[in-house]
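Scroll down for the structure; my scribbles are underneath it.
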2 protein chains.
Amino acid sequence: MFIYLEPQRRKIPCGSELTLLAALQRQPNFAPPSLCGGEGSCGKCKIQILAGQVSELTEPERQLLTADELATGTRLACQTFPLESLTIRLVDGNSVSAEYKTSLAMELDQVAVEPVSQKKYLRLSPPAINDQTADLERIYQALKEHQLAAEDIAPRLLPDLPRLVRKADWQLTATLRRRCLVDLEAGDTAGEHYGVAFDLGTTTVAAYLVDLATGRLLGQDARTNPQVTFGEDLMSRIDRAHQGELVELQQAAVACLNELLARLLADHGIPARYVQEATAVGNTCMQSLLLGIDPYYAGVAPFTPALQVVPELPAAWLGLQIAPEGRMHLPPVIAGFVGSDAVADLLALDFDRPQPPHLLLDLGTNAEMALSVEGRMLACSAAAGPAFEGARISCGMRAAPGAIDRAVFAQNSLQCHTIDEQPARGIAGTGLISVAAALKRAGLLNRRGGLRRGELPTGLLAPDDRGIVLVPAERTAGGEPLVLTWKDLGEELVIARAAIRSGIEILLAEAGLSVDELARISIAGAFGSFLDIDDALAIGLLPPIPAERISGVGNAAGLGAIKILLAAGQRERARRLAEQTSHVELSGYPRFNRIFARHMTF
Amino acid sequence: MFIYLEPQRRKIPCGSELTLLAALQRQPNFAPPSLCGGEGSCGKCKIQILAGQVSELTEPERQLLTADELATGTRLACQTFPLESLTIRLVDGNSVSAEYKTSLAMELDQVAVEPVSQKKYLRLSPPAINDQTADLERIYQALKEHQLAAEDIAPRLLPDLPRLVRKADWQLTATLRRRCLVDLEAGDTAGEHYGVAFDLGTTTVAAYLVDLATGRLLGQDARTNPQVTFGEDLMSRIDRAHQGELVELQQAAVACLNELLARLLADHGIPARYVQEATAVGNTCMQSLLLGIDPYYAGVAPFTPALQVVPELPAAWLGLQIAPEGRMHLPPVIAGFVGSDAVADLLALDFDRPQPPHLLLDLGTNAEMALSVEGRMLACSAAAGPAFEGARISCGMRAAPGAIDRAVFAQNSLQCHTIDEQPARGIAGTGLISVAAALKRAGLLNRRGGLRRGELPTGLLAPDDRGIVLVPAERTAGGEPLVLTWKDLGEELVIARAAIRSGIEILLAEAGLSVDELARISIAGAFGSFLDIDDALAIGLLPPIPAERISGVGNAAGLGAIKILLAAGQRERARRLAEQTSHVELSGYPRFNRIFARHMTF
């Protein structure tokens, strides 16, 4: 029996004793994402059956698949056994991918193309008795203008050199990285030169495949960071790494990058050996884990990263499956909780150019923020927690179909909208802010973020007094009402908000600025693109400045990573930028507790 | 059962079913040399039994061991089985080693000590909340004067960095190579810094262990190149490599270097991880084989080497067992048959300094020669063949005990002297020249190098008319007379001589010099040290200049290799020297055949 995969045209062996997920996982490039390890609880491993008989629907599938999905033959690969050979299609169940797709692109055609490596087609004259120049020196002569240091050749190229040049009839393509000869290929392959940029987020990993010859973005993809099985938040991963699972976390990160890249390469029919350059941005902990470094000491006081500036890494050392002499560049980090993703943000937003006061907020799993004012740069991180990604919120979830993304309060009732207008399955970060803003506008929130319970319409109160009902049972996917607890609103959201506002206040104070003087606030990340600015202002998540000065800027870190991939000069720039940014350590800030307490009230 | 090895104090398991050689070969560092693969024919694997019972003497041992050796318990390890646990001592059966020991040393205290790597002990201040400098950047700060590029750290050091600096309580020793941080060790190990120089000859491989902190030569050792089992001469190894045994030849070379180094390190109690630098000189073919490069194209017209300037090689890539980030430096070659051993010779002899006409001869397996005159350098190689190393001569052998090393003709008979005055086993290169010179002086050689058979004393003629008897049966080790054939004298020696003299003549012609103008001839290699200059002049092996202008200079290539090991400046110098030396290709030289023919006569 086989699984025929469309549109990839792959034929994968399977058997009736194995789930489709298990069969597909033997071909890592085509395995659908799975967070729960095949237990039928995450709902990520969706596939569509185009032809062939499979086992019957299971209870988890009935809960996790929508009626539309069921009608089009969508199944969970972990629940489904083949009864005969099948034709299937992978379903991109990770809607974050789509968000990334919409949130980049904007500025890419302005990016300078001067990659650290280049390819050059050479036609050499063959040796003769009156021209005994050695094979390698003959190549160096043809590359004279590049001023190679004569020693700078990858040793791997040496053993095959005499055979290769003769087989190629002295016509070959050299790949140079800076002043070093890193690859030799027979014939003219100068046009086949690619790079990949990764945005290695705590929750989501995105990959961008770029043509280094033209600077064109060929494709992009994203998936859930497989490290989430070690813990959704940073601190639990740091613990697991420090307790002995560092190697597993490192391997999970590298496997994820390899899988994303392999998928992109397969889609474009590009062999991995033509990918010479890679870059990855991420927070300091993600970077440490990728390098196999215990992130513990960056996570506890005095929060010291292992290193700020990372050497260029041989991809082979890292386990990244690109060209044999390919390199991975990791831009510098600023501090233990201000990573290279923030550096990439700042680079994409030109924070190093003199400008009126400009604030960046990157509300990922952690809240990183930075201020640029007339060439001076400051940055800090606030322990806002992952509330905006759905964690710690009782019915929180990521921004996927069925997640509540906005709400209004009208006619004494709360009306929630879900992504793709699917039956409600939980609440996304933007939804949480929108619900709080709706309740605030209706005068139902007290100063401390708690609800004025006495004034709530009775229909809003959950029967067991846990909190308020967002969506009644009959309109949810699970058949149970979706409830936002008193703690979700009065504690998690309030703390996250206070952390962010404290960070902003301290950055402004360090720069000697008042809130009014802020000319611009940029909110990076997918979250920023979907956030309703008025809602955020309504609940005081953002400081009170005119809404038109505030905008979502999409995945600025991804854009910054691509810029860094595409031009050696941008790497230098990222390094200077990290060096010149003053890090403000909030936990060491004298009046931090007082400031934080003040922002606990609305 | 065990073999107790003295003085190394090693305990090696053995059994009565295994020869001592087989048991010892399981511990490669302590295996005695063996050329014949344990067949009892090379006589190399001598060991001395100090205590314990072993199997009885075999016929090969009776033939290959002297009475003295037998009396002191010396046996061939390949012929001997243990009957109980033994205490043994390895016998250095390779007398070339002793020659190397005598032939170096002369100038070593004048060598500049500025190795490419250095070690530095650092005491760092630990991080604090007001000093969050990353661990690596903290180390860089302490190394500020060395102007490290922030990216130049070996990636291997990264994963363990945070743990190491804390375990070491922020006191550690950094190893720097040029501007790169290549090792970090807890505590102060700055004094433990070593290097090894190899002279990788076709026949013999020598190793020199050097203290890089002081420049002191700690020890030296030599052994037969194990590649001789693939063929004694270069061309047969080139054939074998080209026919598919390249990997085996490469591995044999690396194993030989590892074995020599391991022995030296064990003798001095130095861990391999402290050996950061290695260098090896050798002819172009030896260098190719060490790199795993097919040497075929350097061996056939137009004699093009794969490369002249070799990049610094990671020892790990090569398989050399030194420090993890240790490097192997191979000095450049000049041409297909003028290798880096010649470059090392020239460097040791200061050929790049302006001087009166100075000729170098390195009569190894091939004859390499070079001329320096007022700053101009020329070099060539002559296909003299390995006659002076005993090959192609019917009873030829290397300069080992029992080899005829000189002879006189007196009272109508030839009197031959053997090395260590052992029963005669063959004739060494110096002996061949001495015999020819003795016959020449007695007027018994004709112009073409043939013997005037009619004038020979009858006792000198071998009964079967094969040639002349050097040593009668009763004074040889084998009990058969040692005979030098007509072909040995009239063909092999004459051709070797003509090749050398042609090379010299052409070099002089290219420089516009006459023979009289030669101010100095230096003869490098062990052979040069043992050669009788008057004999060499008598048979015209050397051009007719006063004997006092001619001298043996010992293993100049070994000395050059040590200089190159010890100082970065010497590497640059070697490179310039190779670049500035004009190579004269004899096979492309217009009047070569005519010149060669002229030198065929005495």
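The values are calculated or read from the model by the stated rules, or taken from the named source; none is laboratory data. From a predicted model like this one, the values you see are computed outputs, not experimental measurements. Here the Cβ positions follow ideal geometry from the backbone for every residue, glycine too, while neighbour counts run over all protein chains shown. Just so you know, the surface numbers come from the protein's heavy atoms only, side chains and all, with ligands and any DNA or RNA stripped out. Shrake-Rupley method; radii C 1.70, N 1.55, O 1.52, S 1.80 Å.
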(request) Report, ordered by the first and then the second residue, all pairs with beta carbons closer than 6 Å, sequence separation of six or more or different chains, a first member in segment B:129-141 that is free of Cβ contacts under 8 Å to residues at least 60 places away in the same chain and at the interface with chain A (Cβ under 7 Å from one of its Cβ atoms), and a second member that is part of a helix (DSSP H, G or I) and open to solvent by 30 Å² or more (accessible area, probe 1.4 Å). (result) B:129/A:588
(message) Here's a check for you: in segment B:418-427, which residue that is within 17 Å of residue B:480 (Cα to Cα) and over 24 Å from the mean Cα position of the chain (by Cα) is least open to solvent (accessible area, probe 1.4 Å)?
(response) B:424
(request) Considering only residues that are of a type in the set (Ser, Thr, Tyr) and open to solvent by 10 Å² or more (accessible area, probe 1.4 Å), look in segment B:505-540 and name the one that is nearest to residue B:355 (Cα to Cα). (result) B:514
(request) Would you check which residues across segment B:340-352 are of a type outside the set (A, V, I, L, M) and touching a strand residue (DSSP E or B) at 6+ places or on another chain (Cβ under 6 Å) and list them? (result) B:340, B:341, B:345, B:351
(request) Please determine, by comparing only the residues of segment B:118-128 that are more than 7 Å from chain A (Cβ to nearest Cβ) and among the aliphatic types (A, V, I, L, M), which one is nearest to residue B:172 (Cα to Cα). (result) B:122
(request) Pull up segment B:218-271, narrow it to residues that are in contact with a strand residue (DSSP E or B) (Cβ under 9 Å, 6 or more places away or on another chain) and basic (Lys, Arg), then point me to the one that is farthest from residue B:294 (Cα to Cα). (result) B:263
(message) Can you find, within segment B:128-141, the residue that is nearest to residue A:296 (Cα to Cα) among those that are in a loop (DSSP other than H, G, I, E, B) and open to solvent by 50 Å² or more (accessible area, probe 1.4 Å)?
(response) B:129
(request) Go through (1) within 12 Å of chain A (Cβ to nearest Cβ); (2) of a type outside the set (Gly, Ala, Ser); (3) within 16 Å of the chain's Cα centre (by Cα) and name the single condition residue B:283 misses. (result) (1)
(request) Scan segment B:48-60 and report the pairs whose first residue is free of Cβ contacts under 8 Å to residues at least 60 places away in the same chain and whose second residue is in a strand (DSSP E or B) and open to solvent by 30 Å² or more (accessible area, probe 1.4 Å), with Cβ atoms within less than 7 Å and a gap of 6+ or a chain change. (result) B:48/B:89; B:50/B:6; B:50/B:87; B:50/B:89; B:51/B:87; B:52/B:87
(message) Just to confirm my filter: which strands (runs of 3 or more DSSP E) fall fully inside segment A:35-102 and include at least 2 residues that are open to solvent by 30 Å² or more (accessible area, probe 1.4 Å) and modelled with pLDDT under 90?
(response) A:46-51, A:86-90
(message) Taking the condition of being at the interface with chain A (Cβ under 9 Å from one of its Cβ atoms), without any contact (Cβ under 8 Å) to a residue 12 or more places away in the chain and surrounded by fewer than 18 Cβ atoms within 10 Å (Cβ to Cβ), how many residues in segment B:142-159 meet it?
(response) 2
(request) Can you confirm whether segment A:444-464 contains a residue that is among the polar types (S, T, N, Q), free of Cβ contacts under 8 Å to residues at least 60 places away in the same chain and surrounded by 18 or more Cβ atoms within 10 Å (Cβ to Cβ)? (result) no
(request) Being buried (at least 19 other Cβ atoms within 10 Å of the Cβ) and outside any helix (DSSP H, G or I) is the filter here, so list the residues in segment B:263-286 that pass it. (result) B:275, B:276, B:277, B:278, B:279, B:280, B:281, B:282, B:283
(request) Kindly indicate whether residue B:270 is of a type in the set (A, V, I, L, M), farther than 30 Å from residue B:118 by Cβ and touching a residue at least 24 places away in the same chain (Cβ under 8 Å). (result) no
(request) Go through (1) more than 29 Å from residue B:222 (Cβ to Cβ); (2) touching a residue at least 24 places away in the same chain (Cβ under 8 Å); (3) more than 26 Å from the chain's Cα centre (by Cα) one by one and return the number of the condition residue B:477 breaks. (result) (1)
(message) Show the residue pairs meeting these rules: Cβ distance below 6 Å; 6+ apart or different chains; first residue within segment A:539-556 and touching a residue at least 24 places away in the same chain (Cβ under 8 Å) and closer than 26 Å to residue A:443 by Cα; second residue β-branched (Val, Ile, Thr) and open to solvent by less than 40 Å² (accessible area, probe 1.4 Å).
(response) A:543/A:504; A:550/A:521; A:550/A:533
(message) If residue B:415 meets every condition in (1) closer than 20 Å to residue B:529 by Cα; (2) out of contact with any Leu (no Cβ under 8 Å at 6 or more places or on another chain); (3) among the polar types (S, T, N, Q) apart from one, which number is that one?
(response) (1)
(request) Of all residues in segment A:290-304, count the ones that are more than 7 Å from chain B (Cβ to nearest Cβ) and either of a type in the set (D, E, K, R) or within 15 Å of the chain's Cα centre (by Cα) (or both). (result) 1
